[in-house]
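These notes concern the structure reproduced below.
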Amino acid sequence: MLTKKRTVFCFTSIFVLLVGLMVIACNTGSIKLSPAELFQGLFIEYNETVHTVYDLRFPRIFVAMLSGAALAVSGVLFQAVLKNPLADPSMIGVSSGAGLTAVIISACFPSAYFMMPICALVGGLLSFILVYVLSFKTGKGLSPIRILLVGIAVRAVFDGIISALDSMGGTTSSATSVVDANITMKTWSDVKLLSIYVIIGLVLAFGSYYLCNLLALEDRTARSLGINVNHVRIFVSFIAVLLASIATAVAGVISFVGLIVPHIARLLIGADHKKLIPFSALFGALLLLLADTIGRTICAPYEISASIVMAVLGGPFFIVLLRTNKKI
């Protein structure tokens, strides 16, 4: 049993690290500001240098944090629904389905920008339904491993279509940002658009923590408690698809956040979703902001997208998790 002190320590540590990384990210680049100058320029008196940082760096920071939180919590919910530690919105094709829809909307209907999150949600839901339908076998039902394998195949198909559309040269810059998961030129309008949907999704996710705990039980046990397991799975899956689709629509297709964060979070604070969901949100925000900051600094003045950093760092790290986790 994890002690209350350990839980408080983990939450406090991750919050302090996130705030510290935000300060570092604000100072990453040609403009350098001390924490005192930043605070004074933001809350006390106007400072042109601080205003420049506010317009150029802060939107990127908040997009990375909100997207990371959404993807991490989406991974937690998918793993609860599928009872599969390998489940992740990018692995089972949801992110690619949402990304494909976002690319099509950006390229063909750029004036419908503010409808992109809704369209991406529809694409993510259709992708998730497609994976479930193709994974179902009469007499055998749904197998978690089959869902994962079909999801990987669906993801490959959607990624191929996205790459084909991008290589045709007719896509817009916003579509290219979805393909490359590039959050360089994000603005406060992107932050506002993303925050509305992500906050709604996170509130719904935290409100469903009890349902996620019930899904950890055997289906027969949950039904004996009066729970309609299928309805619960559909509801929790919808929240997971919502979070993954919105993050993908704005930040692009980013892998491994929803796969790694839940594993580490469970090791630190346990499997109770009442603590796991908010902790994963903070940890996901920290991880994606760290990946974006590394991408901005490692080859400066050139930049590497956060998705590439997550792929390079996340792949080997996940292999280590697989080899050290005795339950997998």
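Overview of results
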quantity	calculated
Test for residue 120: is it surrounded by fewer than 24 Cβ atoms within 10 Å (Cβ to Cβ), among the aliphatic types (A, V, I, L, M) and modelled with pLDDT under 90	no
Qualifying residues in region 99-112 (those that are open to solvent by 10 Å² or more (accessible area, probe 1.4 Å), part of a helix (DSSP H, G or I) and not β-branched (Val, Ile, Thr)) - the one modelled with the highest pLDDT	100
For residue 205: the one exception among (1) more than 30 Å from residue 185 (Cβ to Cβ); (2) under 20 Å from the mean Cα position of the chain (by Cα)	(1)
Matching residues, region 129-145, being at pLDDT 80 or above and either more than 17 Å from residue 95 (Cα to Cα) or open to solvent by 20 Å² or more (accessible area, probe 1.4 Å) (or both)	129, 130, 132, 133, 134, 135
So residue 96, is it over 18 Å from residue 70 (Cβ atoms) and part of a helix (DSSP H, G or I)	no
Hey, residue 227 under 22 Å from residue 120 (Cβ atoms), open to solvent by 10 Å² or more (accessible area, probe 1.4 Å) and not hydroxyl-bearing (Ser, Thr, Tyr) or not	no
Pair list, Cβ < 7 Å and 6+ apart or interchain, from region 151-177 residues that are under 23 Å from residue 117 (Cβ atoms) and open to solvent by 60 Å² or more (accessible area, probe 1.4 Å) to residues that are aromatic (Phe, Trp, Tyr) and modelled with pLDDT of 85 or more	none
Residue count, region 24-52 (criterion: aliphatic (A, V, I, L, M), loosely packed, with under 14 Cβ neighbours inside 10 Å and in a helix (DSSP H, G or I))	2
Where residue 5 falls short, out of the listed (1) within 28 Å of residue 261 (Cα to Cα); (2) surrounded by fewer than 20 Cβ atoms within 10 Å (Cβ to Cβ); (3) under 25 Å from the mean Cα position of the chain (by Cα)	(3)
Within region 198-270, helices (runs of 4 or more DSSP H) holding 1 or more residues that are closer than 27 Å to residue 105 by Cβ and among the hydroxyl-bearing types (Ser, Thr, Tyr)	229-251
Unique residue being modelled with pLDDT under 80, under 26 Å from residue 290 (Cβ atoms) and within 19 Å of the chain's Cα centre (by Cα) when the list is 66, 42, 86	86
Matching residues in region 3-16 - criterion: being in contact with a helix residue (DSSP H, G or I) (Cβ under 6 Å, 6 or more places away or on another chain) and modelled with pLDDT under 95	7, 10
Some residue of region 69-83 being modelled with pLDDT of 80 or more, open to solvent by less than 10 Å² (accessible area, probe 1.4 Å) and among the aromatic types (Phe, Trp, Tyr)	yes
Residues satisfying the stated conditions in region 60-87, i.e. of a type in the set (D, E, K, R) and closer than 30 Å to residue 26 by Cβ	60
Contacts under 8 angstrom Cβ, first residue in region 271-291 being open to solvent by less than 10 Å² (accessible area, probe 1.4 Å), partner of a type in the set (Lys, Arg), 6 or more apart	276/266
Evaluation of residue 90 against (1) part of a helix (DSSP H, G or I); (2) in contact (Cβ under 8 Å) with a residue 40 or more places away in the chain; (3) of a type in the set (Ser, Thr, Tyr) (one fails), failing number	(1)
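The values are calculated or read from the model by the stated rules, or taken from the named source; none is laboratory data. These numbers were taken from a predicted model, which means no experiment stands behind them. Note that we place each Cβ from the backbone using ideal geometry, even for glycine, and neighbour counts take in every protein chain shown. Note: areas computed on protein heavy atoms with side chains; ligands, DNA, RNA excluded. Shrake-Rupley method; radii C 1.70, N 1.55, O 1.52, S 1.80 Å.
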